[in-house]
Amino acid sequence: MKKFRRFIFIFVLATVLPVFGQVSEYAVKAAYLLNFVWFVNWPEKVYDDEDGAIEIGILGDDPFGDTLDNMAKGKVINGHSIIIRRFENFDEGQAEKLRKCHLLFICYSEKNSLPGILRILKGAPVLTVSEIEKFPLLGGMILFDQEGQRITLAINPKAAQKAKLEISSKLLQVSKIFRAE
Amino acid sequence: MNLINFKDMPLKKKIVMIAVISTSVSLLVACLFFVMYERLTYPNIRLQSLSTWAQIMGNNSTAALTFNDHKTAEEMLKSLKANPHVLSACLYDTKGKVFAQYKRDKDALGYFPIATGKEEAEYSMGSLKVIRDIFAGGERVGSIFLETDTEEMKSRLENYTLITLLIGLLSFLISLLVASRLQRYVSKPLRQVVDRMKDIANGEGDLTKRLEVSGKDEIGDVAEAFNAFVGKLQTVGEMKLDLISVVSHQLKTPVAEINGFIENMLEGLTGEINPRQKRYLQEMRLIGRENYRLIGDLLNASKIDRGVVTVDLKPISAKEVVTMAIRDYEQILEQKGLRLLLEGMEEDMKLYGDRDKVVEALRNLLNNAIKCTDKGTVTIRLGSEGDKGVIEVRDTGIGMNGETMGRLFTKNRVLGKEAHRSGAGLGLYISKHFMMLQKGDVSVTSEEGKGSCFKLSVPKMKKQEGAAA
Ligand SMILES: Nc1ncnc2c1ncn2[C@@H]1O[C@H](COP(=O)(O)OP(=O)(O)OP(=O)(O)O)[C@@H](O)[C@H]1O
Ligand SMILES: [Mg+2]
């Protein structure tokens, strides 16, 4: 009898937990997004002033809802506060503003305009993050990937280097690295 | 170490022992404090370095923790294998749940403390443990736990103990060496003082000599006090000799005068004496002569002790010496019924010496011979041995054993056991000195119960000495 009860308990847990995981997927990604700031070094001049804000841009159809805003509220990393900016679907007119972001999350909706986005960002110190498959292979920097339940990272360090961004070796350690061009 | 033993130990050893013991004890105490200090502080030092290490490890695992990468974290912890002293390690997430772990011994019980978000460091149950928080971007992202064994501490302590023992042994040896060298400064002067005291007590030391006072310490004081004491002793001795010489000198003349009067009466200068009176006078004459001789001996002995005896060396006739010496003894020889034989008197042997002193010595020998012989003969023989003339006095008396003979001429002079045979014990002492002063000697051979033979030897006269005379 006892064994059976325990079986039931485990069964219930096993069905509930993944659901719970599903729900929090973007919460985790939002947290990761904020954490990147800690592991990436931007060139000094990028900040407006010494404790100027770090700007995080969301391009396309935002999957985070208000989780990201809630997390970023009041957060100070290395003396910089955080500002979230949202951009409509990509068009070339946004180039100026996009290049001013520190970190740009490119939503899945922008999959087709990706080459254009990357082209206008060329040379700008903007850390690009996306969920679009093979993002690093296409010239992006960090990809949110999935390995079973776990959200993993894939990084193209060369792309970051070209944008004059320093990615901490610690971050590289926990990520899959793409070296091919 | 027995206390009685320590009491009887020579000062030398005492000093060495005290020095060695005090050095060893102080060193031991110092070492003990050192080891205790080490025991108290070293765990803290270890804990500090362990916590620094934990911080570094934690810092390296910030990315793994933030991006939820168990595998990387575990791999990083696995690198601890390189240090065999690490027993276990563990990373916790912000909620205190175990994130990654490492155990040196796979089958060891996986005990990890609950990370309460409090930093801790403790040394207990043979291991060192620390928990440190891990921060990234000013935010706590987890905790790390590290545990090492205390082998390193143990072996360090063992080394310290070994070194302490070695130092102890070495310093023991060195202090032994140093102390046994330095103790001389104390024990040697003291030994000198003690030796000198013993000499004086045995009557062998020269009272005119003084100890060298080597320093102003207590031993120097002792030496100084002893010197003063010896000085007093010397003056007392001198006073004694003075007294003896004055007294004997004052006595000598009256006794000689009394003897002279007795002689005169015996010769009939005071008129006819009856046979009884004559016998009494003869007895008085013997006693008077003996007294005179004794007083003379006392005077001579005091002169010898004061070192004021001089000799008047001249060519002398051996025959004359014998004649002069036997003059006063004819009566007593006759009384005792002893025969006096003279041998070697035909040749007139010439000697070179102090006549009165040789006569004095010979008289003493004769006196002894007659005293110690009850029947038989006393023989005086003249002869020569190399460049010495010899006057021998042989008797058939009681003789003496070897032990007595060995002591005859020394200051510990022999005093006769039988009252009627012993005197002041000065005769041979004086004779010896008188003979030595003129490069002569007195020697003895004797056999207990059979007789003795005393021999005076005096340098013979050489040609040029004869010519000079
Ligand atoms: N010829 C001898 N035979 C046996 N014993 C002798 C003879 N001559 C000396 N002695 C022993 O040696 C001792 C010392 O002799 P010594 O002449 O020095 O002193 P003394 O005769 O005792 O005293 P003193 O001569 O001053 O009156 C004597 O007492 C005696 O015991
Ligand atoms: Mg005598």
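The values are calculated or read from the model by the stated rules, or taken from the named source; none is laboratory data. Remember, predicted model here, so these are calculated numbers, not experimental data. Because the Cβ atoms are built from the backbone with ideal geometry, glycine has one as well, and the counts that use them run over all protein chains shown.
Suppose we keep only residues that are among the small types (Gly, Ala, Ser) and within 11 Å of ligand 1 (Cβ to nearest atom) within the range B:440-464. Which one would you say is farthest from the other protein chains (Cβ to nearest Cβ)? By that ranking, first place goes to B:GLY451. Restricting the first member to the range B:400-417 and to residues that are under 19 Å from B:ALA201 (Cβ atoms) and within 15 Å of ligand 2 (Cβ to nearest atom), and the second to residues that are of a type outside the set (D, E, K, R) and modelled with pLDDT of 65 or more, the beta-carbon pairs closer than 7 Å and six or more apart or on different chains are B:ARG413/B:GLY425; B:ARG413/B:LEU428; B:ARG413/B:TYR429.
Is there a residue being within 26 Å of B:GLU139 (Cα to Cα) and within 14 Å of chain B (Cβ to nearest Cβ) anywhere in the range A:85-101? Within the range A:85-101, not a single residue is within 26 Å of B:GLU139 (Cα to Cα) and within 14 Å of chain B (Cβ to nearest Cβ). If you go through the range A:148-178 and keep only what is within 14 Å of chain B (Cβ to nearest Cβ), at negative phi and assigned to a loop (DSSP other than H, G, I, E, B), you end up with A:GLN149, A:SER168, A:VAL174.
For the range A:51-82, the candidate set comprises residues that are in a loop (DSSP other than H, G, I, E, B) and more than 20 Å from A:GLU131 (Cα to Cα); within that set, the residue that is farthest from the other protein chains (Cβ to nearest Cβ) is A:GLY52. Tell me, which residue of the range B:38-78 that is acidic (Asp, Glu) and assigned to a helix (DSSP H, G or I) is nearest to the other protein chains (Cβ to nearest Cβ)? It comes out as B:GLU75. With respect to B:GLY205, determine if the residue is without any contact (Cβ under 8 Å) to a residue 40 or more places away in the chain, surrounded by fewer than 16 Cβ atoms within 10 Å (Cβ to Cβ), out of contact with any Ser or Thr (no Cβ under 9 Å at 6 or more places or on another chain) and assigned to a loop (DSSP other than H, G, I, E, B). Answer is no for this residue. Checked against (1) near ligand 1 (Cβ under 10 Å from one of its atoms); (2) crowded, with 20+ Cβ neighbours inside 10 Å, B:THR404 meets all criteria but (2). Could you grab me the full set of residues in the range B:216-257 that are of a type in the set (S, T, N, Q) and surrounded by 16 or more Cβ atoms within 10 Å (Cβ to Cβ)? Listed by number, the residues that qualify are B:ASN227, B:SER245, B:SER248.
Each row is one residue, and each column tells you yes or no for (1) at pLDDT 90 or above; (2) more than 14 Å from chain B (Cβ to nearest Cβ); (3) within 15 Å of the chain's Cα centre (by Cα).
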{"residue": "A:GLU131", "(1), (2), (3)": "yes, yes, yes"}
{"residue": "A:PHE135", "(1), (2), (3)": "yes, yes, yes"}
{"residue": "A:GLY140", "(1), (2), (3)": "yes, yes, yes"}
{"residue": "A:GLN146", "(1), (2), (3)": "no, no, yes"}
{"residue": "A:ALA180", "(1), (2), (3)": "no, yes, no"}
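Residue-by-condition table, conditions (1) β-branched (Val, Ile, Thr); (2) more than 14 Å from every other protein chain (Cβ to nearest Cβ); (3) on the phi > 0 side of the Ramachandran plot; (4) within 15 Å of ligand 1 (Cβ to nearest atom):
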site	(1), (2), (3), (4)
B:GLY337	no, yes, yes, no
B:LEU342	no, yes, no, no
B:GLU347	no, yes, no, no
B:ALA361	no, yes, no, yes
B:LEU365	no, yes, no, yes
B:CYS372	no, yes, no, yes
B:LYS375	no, yes, no, yes
B:GLY386	no, yes, yes, no
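Does B:ALA19 satisfy being out of contact with any His (no Cβ under 7 Å at 6 or more places or on another chain), surrounded by 12 or more Cβ atoms within 10 Å (Cβ to Cβ) and in contact (Cβ under 8 Å) with a residue 60 or more places away in the chain? Yes, satisfied.
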